[in-house]
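A.B. asks: Right, I'll just put the structure down here and ask away after.
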Amino acid sequence: MTSDKSTIDTPNADGVPADDVPPPAVEALDPRLLIREEGLKGYLIEFKRKMRGGELGSLPVVVALIIIWTIFQLKDSLFLSSTNMVNISYFLAGTGMIAVGLVFVLLLGEIDLSVASVSGLASALFAVFATTHGINTWLAALLTVGIGAGIGAFQGFFFAKIGVPAFVVTLAGNLGWNGLMLWVLGDTGSLSLSDNGPMHLLGQRSFFMDQDIAGAYILATLAVAALLIGSLIDQSRRRKVGVPFRATSEIVLRVAVLAVVSYAVAYVLNKSDGVPNALVIFLAALIICDFVLRRTTFGRKVFAVGGSIEGARRAGINVALIRIVVFAISGGFAALGGLFLAAQTYTATLGAGTGQLLMLAIAAAVIGGTSLFGGRGNVWSALLGMLVIQSIQTGLDLLNMNTSIQYMITGAVLLAAVVVDSVSRRTQRSSGRA
């Protein structure tokens, strides 16, 4: 009887049968590296994968903005004029500042309903400090923002330490701080603000390097240079530690796109008055906050708490402290936004912080792409969302549409943004990416 040699276990050098020896391990490669090695085709594949997985990013709001601008331009040729673009860029900054603070809160999966009242109180306090008591306007502005941050921390304490829901705490604050604003302004109901110091800097007639056409182009150049240098530094750092990094061709493409957009915006704004100082400060705040959220330990902790509170606790994160600090940031930006809004009229009035301000600030953050469910978003959503909202308001004003139409359209856009966010999260869960 002959034996089949193919069924005989031949021992290896260590005396272990060959069939029992595991196959050699295959080194796992990051899929991003494989995609980038395929060039443009790889990026298209990656884009399709993200769309199927529900990772839409800022695409929906960018598409919505293009559609809105196209419709209004067809209805009124003045919509994309340089003067109207300057107006849009100026008036979005105040509410946008409030929305930036709300982004931090939304990343935790919470809400702050007091920001509008805090902004109104801030304008009243600044007016009393600077006008009634004669305090230096810059010191008055600093005190005002500090008080706003203190109010936020106070509310955050009740939420984080006492356990009162953020919705209830900030709803009470919305009523309380509005009442305090009425008391501060007194019987007069309004206080005028002089056109100096921070009010002059943020005023509607104040532009970066006023009367100098180079101002807008200098800002565009700084933005392009910052992206290029930052991307190259990040590439070098990642290459040294052996983790995936952006290809040089991708960096060049990104910088080129930013350059085209930046210089086009500079050209349009320069045809009128240039870049409003309020917009410059707003963009500077966005850059700083974006760095804090994406590049610091605190930012990573904010996302961790928003993604999973229990997971954050087990990772050793002081959840209560993060919550208090985030609400302090929200209060500080609400106060800063109040100063921006006061500078538009040079007055502090009983109407400050009321009306649709709260809803518009929340809508801006959500429409721009920050999730109401926490753990996903970025501060640039405040800019994108405000561009959509301010474009709708300005466009309807040009067409002499009733305010009620503005509310209905803005509400519809907000609902669409939430629906997109919900569908996106569901798609990510089904694809195992949530």
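The values are calculated or read from the model by the stated rules, or taken from the named source; none is laboratory data. These numbers were taken from a predicted model, which means no experiment stands behind them. Because the Cβ atoms are built from the backbone with ideal geometry, glycine has one as well, and the counts that use them run over all protein chains shown. We work out accessible area using only protein heavy atoms, side chains counted, and drop any ligands, DNA or RNA first. Shrake-Rupley method; radii C 1.70, N 1.55, O 1.52, S 1.80 Å.
A.B. asks: Using modelled amide H (1.01 Å from N, peptide plane; none on Pro or chain starts), what sits under 5 Å from the amide H of PHE207, excluding residues fewer than 5 places away?
C.D. replies: Result for PHE207 returns ASN277.
A.B. asks: Classify segment 313-419 as rounded, prolate or oblate, taking a ≥ b ≥ c as the square roots of the eigenvalues of its Cα gyration tensor: rounded when a/c is under 1.5, otherwise prolate if a/b is larger than b/c and oblate if not.
C.D. replies: Cα axes put segment 313-419 in the oblate bin.
A.B. asks: Further question: How many percent of the accessible area of segment 209-275 is carbon or sulfur, using a 1.4 Å probe?
C.D. replies: Exposed carbon and sulfur together represent 68 percent of the surface.
A.B. asks: Residue by residue, what Karplus-based ³J(HN,Hα) values in Hz, rounded to whole numbers, does segment 380-391 have, using 6.51, -1.76 and 1.60 with θ = phi - 60° and x for Gly and Pro?
C.D. replies: 5, 5, 5, 5, 4, x, 5, 4, 5, 5, 5, 5
A.B. asks: Does a label point 7 Å from the Cα of ILE233, set along Cα-to-beta-carbon, have any residues of segment 257-290 with amide nitrogen under 14 Å, and which are they?
C.D. replies: Correct set: 288.
A.B. asks: A further question follows. Using the heavy atoms of the protein chains alone and a 1.4 angstrom probe, what is the accessible area of segment 209-275 per residue in square angstrom?
C.D. replies: Averaged over the residues of segment 209-275, the accessible area is 63 Å².
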